[in-house]
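The values are calculated or read from the model by the stated rules, or taken from the named source; none is laboratory data. Since this is a predicted model, take the numbers as computed values, not measurements. Backbone-built Cβ (ideal geometry, glycine too); neighbour counts: all protein chains shown. Only protein heavy atoms, including side chains, enter the accessible area calculation; ligands, DNA and RNA are left aside. Shrake-Rupley method; radii C 1.70, N 1.55, O 1.52, S 1.80 Å.
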Amino acid sequence: LLALLISWSLGAGWFPARYPELSTHTYAWMGVSVAVGVFFSIVFHEFSHSIVARYYGMPIRGITLFIFGGVAEMESEPPDPKAEFLMAIAGPISSFLLAAVLWGTSAIAQDGAWPQPVIGVLSTLAIINFTVAVFNLVPAFPLDGGRVLRAALWYWRRDLHEATFISSRIGRGFGTAMMILGVVAFVGGNLIGGMWWFLIGIFVRGAASSSYQQLVLKDLVEGQPVRRFMREEPVTVAPSLSIAEWVDEYVYRHHYKMYPVLDGARLLGCITVDSLQGIQRDDWSSRKVADLMESRSASNTVDAGMDTMALLTDILKPGGRSRFMVVEDDRLVGVIALKDLLEIISLKLQIESPGRGT
């Protein structure tokens, strides 16, 4: 979607305004070429972050691309302010370097009378890389400038949480300002520019909000066993219970989507609300929980001693479950759900946010 948006905005607006004598077909392939170049530039920018991060012992799981940038997915926070600063500044430096190379190549192309579309693509990529570098230097977390600010605050206050909180609040404000500017530009007739400003503002605001939450989440659950956050004495059902009784006496009463199925003290599996799909209501009285239950397996059961952060990583994967049965010594001891974890995190954010009154 982003590739199409870049190609369309350049092919329909940017290039026709600057090179009016070219054909529509030429504008189209110029837009596609720049889109490919933008993705390469962003990957180059993020690889620069990753190289510094790995030098300081911070493994990188992958790189996720977003509008006007990306995120290098670190497995841990930087060990100190110096590492944070060097890792953050590496991105803009790489984009400035790439912009200089592209400007130089564009100048050579003009002197050598290269085809105008080629010159247009090179100069546009140079402008974009320069813009990305400048934009990322804005001191609004999680932009690179915001990470530089966080490094300075971390060094000054000796508190990573407070530094992240302050820089992320600035990031949220910057994102909101960009969204407002986007709306103003859109209403004023600058449709493409307004759309871009608004989309980037949404991304910056959302990323700034989630960055501090992720730090709090990681500190809260990393290294902590699942048993600390599970709900003890979960509501269970017997395999002989009819579906009608299960729905009326358990689902409508307790409002859970998943229920462990026990035969005495033995855990057989679980039954979920999703299992009702395709089952006619008239058949609820004749069907049993045992008929629809999902057998106990590694996909729906976790050990009580499992690291909660590892479990949360699995939960947040696309298509991941949001509720698990917790066992210890082959016995059901509780249930853990994403909803419960989020409520705990929300309470911690509310209680422990820096600057909160005493």
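Quick rundown of the values:
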read-out	value
Conditions (1) of a type outside the set (D, E, K, R); (2) at pLDDT 90 or above; (3) not in a helix (DSSP H, G or I): number failed by Leu97	(3)
Sole residue being more than 24 Å from Val216 (Cα to Cα), surrounded by fewer than 23 Cβ atoms within 10 Å (Cβ to Cβ) and modelled with pLDDT under 90, chosen from Phe135, Phe130	Phe135
Test: residue in the stretch 202-222 that is surrounded by 14 or more Cβ atoms within 10 Å (Cβ to Cβ), touching a strand residue (DSSP E or B) at 6+ places or on another chain (Cβ under 9 Å) and not aromatic (Phe, Trp, Tyr)	yes
Single unsatisfied condition, Ile67 versus (1) surrounded by 15 or more Cβ atoms within 10 Å (Cβ to Cβ); (2) modelled with pLDDT of 80 or more	(2)
Inter-residue pairs, beta-carbon under 9 Å, first surrounded by fewer than 10 Cβ atoms within 10 Å (Cβ to Cβ) and in the stretch 253-266, second not aliphatic (A, V, I, L, M), 6+ apart	Ala265/Arg331
When residues of the stretch 13-34 are limited to those that are free of Cβ contacts under 8 Å to residues at least 24 places away in the same chain and not in a loop (DSSP other than H, G, I, E, B), the one nearest to the chain's Cα centre (by Cα)	Ala28
Subset of the stretch 267-292 that is open to solvent by 50 Å² or more (accessible area, probe 1.4 Å) and assigned to a loop (DSSP other than H, G, I, E, B) - its residue that is farthest from Val333 (Cα to Cα)	Gln280
Qualifying residue in the stretch 172-192 (condition: assigned to a helix (DSSP H, G or I), in contact with a Ser or Thr (Cβ under 7 Å, 6 or more places away or on another chain), open to solvent by 20 Å² or more (accessible area, probe 1.4 Å) and among the hydrophobic types (A, V, I, L, M, F, W, C))	yes
Residues of the stretch 312-339 satisfying the condition of being in a helix (DSSP H, G or I) and either at pLDDT below 80 or over 28 Å from Asp263 (Cβ atoms) (or both)	Leu312, Thr313, Asp314, Ile315
Any hit, the stretch 229-242, residues being closer than 30 Å to Arg287 by Cβ, open to solvent by less than 20 Å² (accessible area, probe 1.4 Å), in contact with a Ser or Thr (Cβ under 6 Å, 6 or more places away or on another chain) and in contact (Cβ under 8 Å) with a residue 40 or more places away in the chain	yes
Residue list for the stretch 138-159, filter: under 22 Å from the mean Cα position of the chain (by Cα) and modelled with pLDDT under 85	Ala140, Phe141, Pro142, Leu143
